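Since the structure comes first, as structure tokens, the remarks are kept for the end.
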Amino acid sequence: MKLRLPLLLFSLLTLLLFSFSNSKVKPTEKGTLVLQFQHLVKDKYLSFDSAYKNSIGEDFTVSKFKYYISNIELSNSNTGKKHFLQDSYFLIDEEVVASKTISLEIPSGDYTTLRFLLGVDSIKNMSGAQADALDPINGMFWTWNSGYIMAKLEGSSSYSKSVHNKIEYHIGGFKKEDNTLKTIQFSLPQVVKLDETKKALITLEADIATWFSNKYELPISQYPACTIPGKLAVQFAENYKDMFRIKSVGTN
Amino acid sequence: MKTIRITIVAMLLFVFLFSQIVQSFSSATSNNGKGNTPLQQEIPDGFPMPHYKFEQNKLTQEGFDLGRKLFYDGRLSKDGNFSCGSCHQQFAAFSTYDHSFSHGFNNSSTQRNAIALFNLAWQKEFHHDGGINHLEVQPLAPLTSPNEMAETMNTIIQKLKKEKDYRKMFKSSFGDEKITGQRILKALAQFTGSIVSADSKYDRMKKGIATFTPYEERGYLLYKTNCASCHPEPLFTDLSYRNIGLSLDTFLNDFGRMKITGKSEDSLKFKVPSLRNIAVSAPFMHDGRYQSIKACVEHYGNKINKSTTLDSLLQNGIRFNRAQTVDLIAFLRTLTDSTLLKSYRFSDPENKSFNNIDKH
């Protein structure tokens, strides 16, 4: 009988501990941030049926356009508050409408800066079999020289000397001087306020014309294809790292 | 009496709660193997720590069995004829017996000799040029050709989904019946990563349970002075890339490591292969140009083709007289692991004619 009380206490304590261990995962308040990607060639919205001209004056059409967005971070340059989205990888694909809108749960607060990686970081390039956006099934993984294709653009051009006038750019490479990873950062034109009741929407535009002429001039006539890591891939990445601009920031 | 009863109740309560907590933790690691019979990775005495430790791919009997079935299943190939096991034959230490090039590859520019498979968990990179950076993604190369990759992996998944056996095995390995590319790759790695070769006469000699003949003993010394710098014990490879002066086959135009790094200093360099099991894994070299161990040994003597990237250790060649060649080959033959070649565990699970071999 004497032992009864301590034992009861003990079981109560375990119960208590258990409920604590459950309640400690109480979520911080979160808001939803939607990133929307729109694709253009200069000032015209992308359509697989249309022909475009790059700044060098070469005509081309697009049949495939997709790229990885990862390591997204929102921050506030005034307060220093930061939120980094761990382990989140998105494949934005012109062909898959739903993929062009991504919805993120972010702790409530005011944010002034958006940052992300265009591509898949080197760690994930070396971590074995992956799923979801990183599933090799998506056609964005090189099997003979392990690594992800960060961005892919395919189509045709009368200036291409390849078979069927094809143009084919599979840009990737993550090692040392072959690194094509690009960090994109924007100071947002207005503060994004997130809380449980407000949804924020950032619309980004990506201009494909930058691929051919920006820091480097890469005419189709000379470079109808780039499908391995190396110097040319790095030049394409240097060009397309400026393809994004913020079109609008809104709340609703 | 009452106290005892309460003690028991309290204990039970505690155990129950504890198991709940543990469960809630373990369900967070979703992609890990869920098989319920854990297996211990085999690390032979004297081996270094493996590079691949099954950390993100918990080694279980269920996962291993699934990987074994997949490895030997022809349905993984387009026309149903080529399983992994058709090119990687167990009796040849999982290389292709007697063929320079295994059949079935599409891409003519990468035609190479199938590599014997063992001790893969100690490797960081795979293939003759080291182009593959992880054991789990390696199968994507043989399973798919780069351009039609997406469809092919999809087709494999569709094919496997139709099989009740597979659905059951994926469930027992991963917790549910879902069949994904990632799960196929992880299961295959459970099988291939478990193939360990460390029970040759040489290994038994090291343990003191076998003795070398005088030939083998002399050959061992010759090996140590002439070959060990690139093929060191216990793996019998340093896993580096080297040019040993094999002349370029102008039909294949295979520049090896350079294809991966894009650097001219890597021209004609290939991964140093293990010397374990070479008595059963002919033909040799990345393109299978030599049919015998003797031809390989003679290569180092008088067939070395000089070029700017030729390994500094081989500038003057390595010559052996006839007796030494015999000794060296006698030693190399002690590296054959007949336990592995006959192991039931690594054999084709469908092969009913495996009765003549001990099941262990």
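The values are calculated or read from the model by the stated rules, or taken from the named source; none is laboratory data. The structure displayed is predicted, hence computed values, not measured ones. Note that each Cβ is placed from the backbone with ideal geometry, even for glycine, and that neighbours are counted across all protein chains shown. For the accessible areas, the whole protein counts, side chains as well, though only heavy atoms, and no ligand, DNA or RNA atoms are used. Shrake-Rupley method; radii C 1.70, N 1.55, O 1.52, S 1.80 Å.
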Item checked: Where only alpha carbons of chain A are counted, the Rg and the Dmax (Å) -> 23.4, 95
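Quick check: at a probe of 1.4 Å, how many percent of the accessible area of segment A:131-235 sits on carbon and sulfur atoms?
After summing per-atom areas, the C and S share lands at 49 percent.
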Item checked: Heavy-atom accessible surface of segment B:201-338: percent carbon and sulfur, 1.4 Å -> 55 percent
Notebook entry, point to check: Which residues of segment B:181-208 show a drop of at least 50 Å² in accessible area when all protein chains are present, compared with their chain alone (probe radius 1.4 Å, heavy atoms only, ligands and nucleic acids excluded)?
Noted result: B:GLN182
Notebook entry, point to check: How many Cβ atoms of partner chains, on average, are near each residue of A:130-143 if near means within 10 Å of its Cβ?
Noted result: 6
Notebook entry, point to check: Under 20 Å Cα-Cα from B:LYS303, which lysines qualify once same-chain neighbours fewer than 8 residues away are excluded?
Noted result: B:LYS269, B:LYS271, B:LYS294
Next item on the list: Along Cα→Cβ, 7 Å out, is where each label goes; now give me the distance between the ones at A:LYS42 and A:TYR223 in nm to one decimal.
Entry: 2.0 nm
Next item on the list: Leaving out ligands and nucleic acids, note down the accessible area per residue over segment A:130-252 with a 1.4 angstrom probe, in whole Å².
Entry: 42 Å²
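How do B:HIS88, B:HIS51 stack up against each other in accessible area, from largest to smallest, with a 1.4 angstrom probe?
Sorted descending by solvent-accessible area, the residues read B:HIS51, B:HIS88.
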Note to self: For the full complex of protein chains and a 1.4 angstrom probe, list B:ARG204, A:ARG245, B:ARG257 by accessible area with the highest value first.
What the structure shows: A:ARG245, B:ARG204, B:ARG257
Next item on the list: Along Cα→Cβ, 7 Å out, is where each label goes; now give me the distance between the ones at B:TYR97 and B:THR250 in nm to one decimal.
Entry: 3.7 nm
Next item on the list: Give the accessible area for B:LYS259 in Å² (nearest 10); use a 1.4 Å probe, count only protein heavy atoms, and leave out ligands, DNA and RNA.
Entry: 90 Å²
Checklist line | Helix-only mean residue ellipticity at 222 nm for chain A, each DSSP H run of n ≥ 4 adding -39500 (n - 2.57), per residue, nearest 500 | finding: -4000 deg cm²/dmol
Checklist line | For B:HIS134, solvent-accessible area (1.4 Å; no DNA, RNA or ligand), Å² | finding: 30 Å²
Item checked: B/A buried area, accessible surface, summed, 1.4 Å probe, Å² -> 2800 Å²
Next item on the list: Keeping every protein chain in place, order A:TRP211, A:TRP144 by accessible area at 1.4 Å, biggest value first, i.e. largest first.
Entry: A:TRP144, A:TRP211
Notebook entry, point to check: For B:130-136, what's the mean count of beta carbons from other chains sitting within 10 Å of each residue's beta carbon?
Noted result: 5
Check: So what is the accessible area of segment A:63-105 per residue, in Å², with the probe set to 1.4 Å?
Finding: 49 Å²
Next item on the list: Starting from the amide H of A:MET150, placed 1.01 Å from N in the peptide plane, find each other amide H under 5 Å away whose residue is 5 or more places distant or on another chain.
Entry: A:ILE171, A:GLY172, A:GLY173
Margin query: How much length would be gained if the chain were fully extended between B:GLU350 and B:LYS162, taking 0.36 nm per residue of separation minus their Cα-Cα distance, in nm to one decimal?
Written below: 65.8 nm
Margin query: With 24 Å as the cut-off, how large is the P(r) tail for segment B:61-196, expressed as percent of Cα-Cα pairs?
Written below: 26 percent
Notebook entry, point to check: Which FRET efficiency, nearest 0.05, do A:LYS82 and B:ASP45 yield, Cβ-Cβ r, R0 56 Å?
Noted result: 0.70
Next item on the list: Partner chain Cβ atoms within 10 Å, averaged over the residues of B:257-269 - can you pull that number for me?
Entry: 2
Item checked: Inter-label distance for B:GLN56 and A:SER122, nm, one decimal - labels placed 7 Å from Cα along Cα-to-Cβ -> 1.6 nm
